[in-house]
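I have placed the structure first, in the form of structure tokens, so that the comments after it can refer back to it.
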Amino acid sequence: MTVKRSLLRRTTGLAAAATAALVLAACGGNNGSGDHPDGASASPTAKPSGPAAADSAQAPNNAADTAFAQGMIPHHRQAVDMAGLAATRAGSAEVKELAAEIKKAQDPEIKTLTGWLSAWGEPVPPADSAHDGGHDGHSMSGMMTAEEMDQLTKATGKAFDTAFLKLMVKHHEGAVAMAEKERSSGKYQPAKDMAAAIVTSQSAEIARMNALLGKG
């Protein structure tokens, strides 16, 4: 009788242990989701994969570089147009000299920026974007309106000199702001180098123009 009771206790104990093991296993399966009470499986943060991710990582430029090039092309074009007026309308030799220097510096940069966009497979702003407020019709920092450009075209002598200097200061300030953004956000080193050169050269020209306006 004692032996039977002992066997019964052992059998009961084994059964209880087996039941507990099954319960723990079930709980472990449900908790594989960490803190998710509904048992949903936790998944790591999704990361870009496939050809798109590879193309993005290997691209020499980023969105800031593209925006810089697409914005600076019409910005430079307008500055070159403004500078071109000075040869026949400016009254001051200093204004004529400054205008010639601006045209000489910015014409090659337009060609360089255009080449970058073509190499990146990005659209180049149309030629008339220098007169519609910027790329795709959006206003751009420092850009002259069509009315301001028309007034400058009709001015001569001292009136032209004053209007040209005031408008070009604003124009240059806009270019410097655009270049500073490229310096901080761009990826393509040649574009960042051009941006740094623009900040340096146009900041110096702003000081020069303010001096000619008597603000220095």
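FYI, it's all coordinate maths here, none of it is from the lab. Quick caveat, the model's predicted, so the values are computed rather than measured. Because the Cβ atoms are built from the backbone with ideal geometry, glycine has one as well, and the counts that use them run over all protein chains shown.
Things worth noting here:
- Spin-label model, ALA177/GLU101: points 7 Å from Cα along the beta carbon direction are separated by 2.4 nm.
- Within the stretch 69-216: Cβ-based charge dipole about Cα centre, in debye rounded to nearest 20 (Lys, Arg +1; Asp, Glu -1): 340
- Charge sum, other residues only, whose C-beta stays under 12 Å from SER201's C-beta, Lys/Arg counted +1 and Asp/Glu -1: -1
- Annotation: extensible slack from THR153 through ALA87 equals 22.6 nm (criterion: 0.36 nm per residue apart, minus Cα-Cα distance).
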